[in-house]
Amino acid sequence: MANRRGRCLVLAALLASGPYLAAPLATGALAETGAARSGANTGRANPEPSTGRVARQAVLAKRFMVAAANPLAAQAALAVLKEGGSAVDAAITAQLVLNLVEPQSSGIGGGAFMLHWDAKNRELTTYDGREIAPKAISPEVFEALAGSRKGFFAAVGSGASVGVPGLLRLLERTHKKHGTLEWKRLFAPAIALAEGGFEMSPRLHGLLSRFPKLAEDVRARALYFGADGKPKPVGSRIVNRAFAASLLLIARKGADAFYHGPLAGKIVAATRRPPGPLGVLTAQDLAVYQAYKRDPVCGAYRGYKVCGMGPPSSGGMTVIQILGILERFDLKALGPASPRGAHLLAEAGALAFADRNRYIADPDFVFVPVRGLLDRAYIDRRSRLIGSKPVLGKTAPGDPPGKRSRLWGDGVSPELPATSHISVVDKKGNAVSMTTSIEFAFGSRRMVGGFLLNNQLTDFSFRSRRGKRAIANRVEPGKRPRSSMAPTMVFDKDGKLFLVLGSPGGSRIIGYVARTIVAVLDWGLDIQAAIDLGHLQSRNGDRVDVEKGTQAATLADPLRKLGHKVRVTSMNSGLHAIQITKSGLLGAADPRREGVAVGE
């Protein structure tokens, strides 16, 4: 670590091109107004609970736009776009600030998936920065903890849950290919905020109150908690000099400074600390990590082309399957308030998730029948299983063409929604859709260098077999756990970019994204109105979840009359999206979180 004087000199050099401390929101952006309310849902499926809704308005811009989960991150990214930075430059800047101000959700201790659209060459590329399991990991690492809530949380907070972080390798690779500004310039806003401090937001405060176990890490306790052991009050200035030092090092030396040397050693050491099963991560695991360029997955819907991330994410394929299953139904005539339409959305989700749970995992370890699962004839056969009554928990996976094994067992992993999403369009029309995560709220609750380490390995199936059938998403050395992250782009009939979107939300991400696309393409809503809609989805056919306090909740009783089991619950999405219209770029941010869309 550089000494104090050296650190300040480097920071001064990084900031030489202008000030990047917190600035007022740009015209059209909406700040939080009033204290956010604490969410009441204490279920395992919602570890980043609702902190209330704040009304948002769509933001129109002519040249460029960014939508991100915190105003400070969005403003920092906007400054990069104003300097002529690319969509990737802006996304990197937003991500680094989010790591600081939204530490519960994402950061350099985790991973991400990115879609990049090159407008000039009309080329869509997807990048995989997902974490990997250490080479020394045992396939039975979580077996003893399977099947109980207590066991699951013991795994989350353990060193064994930490996968090799992939985010920085992804950011570095995409910057080399698509960046415009200097790498070190992109770190300046986060470094300045870490050194100078930022105000504790109502959302961060609420989540710290919800997860006091974070205070068991002495570094996190010093940052976020007072002498009384309680979270510091809303508005408290949080100064994270350790994170500033880490970023200064990486800004100077590149991602190698993270994957090699003292910082890598600290990461390894943090995984060997109790409580819970100890990690087996090594310096070699970090040293050999690579972010991959993957093929996108795409499918047609209503004449549009919907594209997303392929395996090891299940997000893109499952969104496309849901839409394909729905295409033969006239959703436009039914509308968002229709019980019949709600029934169709729920059944489509259950059918697509049945396939997801059986077939999708890391394609470097498991053959995933991508073409078969997205085959139009196959999807049509699945669609025709939908009747007037629900399947009620009996939804079975299909038999897609091209599958090579009948031996897979169905795997289920919680995939909890501590995640964030960034959407960007730059002045050249290039775009980024990036979903980024450390998995659980505050990840594994282990802080190193001012940032939190992920617990992404709990996204693997805790059991490796169901009877004689191996589970595709079982733990294996060097493997990437399946994800539901669904960064998405939609293209119009002429092949022009139309929507850039994505969301946090664990396995619910898929339903959030699919329903938003339906709201725009079928129901004719603008992107902000589509995001504002109440959520409704079924993931496994056992029940339909509808979002309490929204119009969707009024569909609960009609769905019950159709035979569905229904749960009315908080559903804390974080959709951030950009719609390309004839009037310009229309940006939208989810009212359920503290993000904004800003542009010029």
> In terms of modelled amide H atoms, which long-range or inter-chain residues lie less than 5 Å from the amide H of Y301?
Replying inline: V306
> Taking the mean number of other Cβ atoms within 10 Å as a proxy for protection, how do you rank 349-358, 258-267, 108-117, 187-196 from highest to lowest?
Replying inline: 108-117, 349-358, 187-196, 258-267
>> Students often check this: by mean Cβ neighbours within 10 Å, which of 282-291, 338-347, 510-519, 366-375 ranks highest, and how do the rest follow?
In response: 510-519, 338-347, 366-375, 282-291
> Whole-Hz Karplus ³J(HN,Hα) for the range 177-182, in order, using 6.51 cos²θ - 1.76 cosθ + 1.60 and θ = phi - 60°, x for Gly and Pro?
Replying inline: 8, 10, x, 10, 7, 5
> So how far, in whole Å, is the C-alpha centre of the range 508-586 from the one of the range 262-335?
Replying inline: 21 Å
> Looking only at the range 449-467, which residues have a backbone nitrogen under 18 Å from a spot 7 Å from the Cα of K213 in the C-beta direction?
Replying inline: 452-460, 462
> What is the calculated FRET efficiency for K332 to E140, with r their C-beta to C-beta distance and R₀ = 41 Å, to the nearest 0.05?
Replying inline: 0.25
> If you place +1 on the Cβ of every Lys and Arg and -1 on the Cβ of every Asp and Glu, how big does the dipole about the Cα centre of the chain come out, in debye to the nearest 20?
Replying inline: 880 debye
> Taking amide hydrogens as modeled 1.01 Å from N in the peptide plane, which residues meet the under 5 Å criterion relative to T419, leaving out close sequence neighbours?
Replying inline: G505
>> If amide hydrogens are placed 1.01 Å from N in the peptide plane, which non-local residues have theirs closer than 5 Å to the one on R273?
In response: G279
>> To make sure I understand the rule: partners must be aspartates and glutamates, Cα under 16 Å from the Cα of K135, and not fewer than 8 residues away in the same chain. Which ones qualify?
In response: D285, D362, D364, E476
> Within straight cross-link reach of K428, meaning Cα distance under 25 Å, which lysines are found once same-chain residues fewer than 8 apart are removed?
Replying inline: K62, K82, K120, K176, K177, K184, K293, K305, K493, K496, K582
> Karplus couplings for the range 302-311 from phi (6.51 cos²θ - 1.76 cosθ + 1.60, θ = phi - 60°), rounded to Hz, Gly and Pro as x?
Replying inline: 6, x, 8, 10, 9, 10, x, 8, x, x
> What FRET efficiency would be calculated for the residue pair R371, D494, taking the C-beta separation as r and a Förster radius of 35 Å, to the nearest 0.05?
Replying inline: 0.85
> What full-extension length gain, to one decimal in nm, is calculated for D118 and K82 as 0.36 nm per residue of separation minus the Cα-Cα distance?
Replying inline: 11.1 nm
>> Rounded to the nearest 20 debye, what is the charge dipole size of the range 468-565 about its Cα centre when +1 sits on each Lys and Arg Cβ and -1 on each Asp and Glu Cβ?
In response: 780 debye
> Between D542 and S583, 0.36 nm times their residue separation minus their Cα-Cα distance comes to what?
Replying inline: 10.4 nm
> Under the Karplus relation 6.51 cos²θ - 1.76 cosθ + 1.60, θ = phi - 60°, what is the ordered set of whole-Hz ³J(HN,Hα) values for the range 315-329, x standing for Gly and Pro?
Replying inline: x, x, 5, 6, 4, 5, 4, 4, 5, x, 5, 7, 4, 7, 9
> Which of the following values of Rg/Rh (Cα atoms, Kirkwood Rh) was calculated from the structure shown: (i) 0.94; (ii) 1.03; (iii) 1.11?
Replying inline: (i)
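Read-outs throughout are calculated quantities, based only on the coordinates presented, and are distinct from any laboratory measurement. Note that the coordinates shown come from a computational prediction; the quantities given were computed from them, not determined experimentally. Cβ atoms come from the backbone with ideal geometry, glycine included; neighbour counts cover every protein chain shown.
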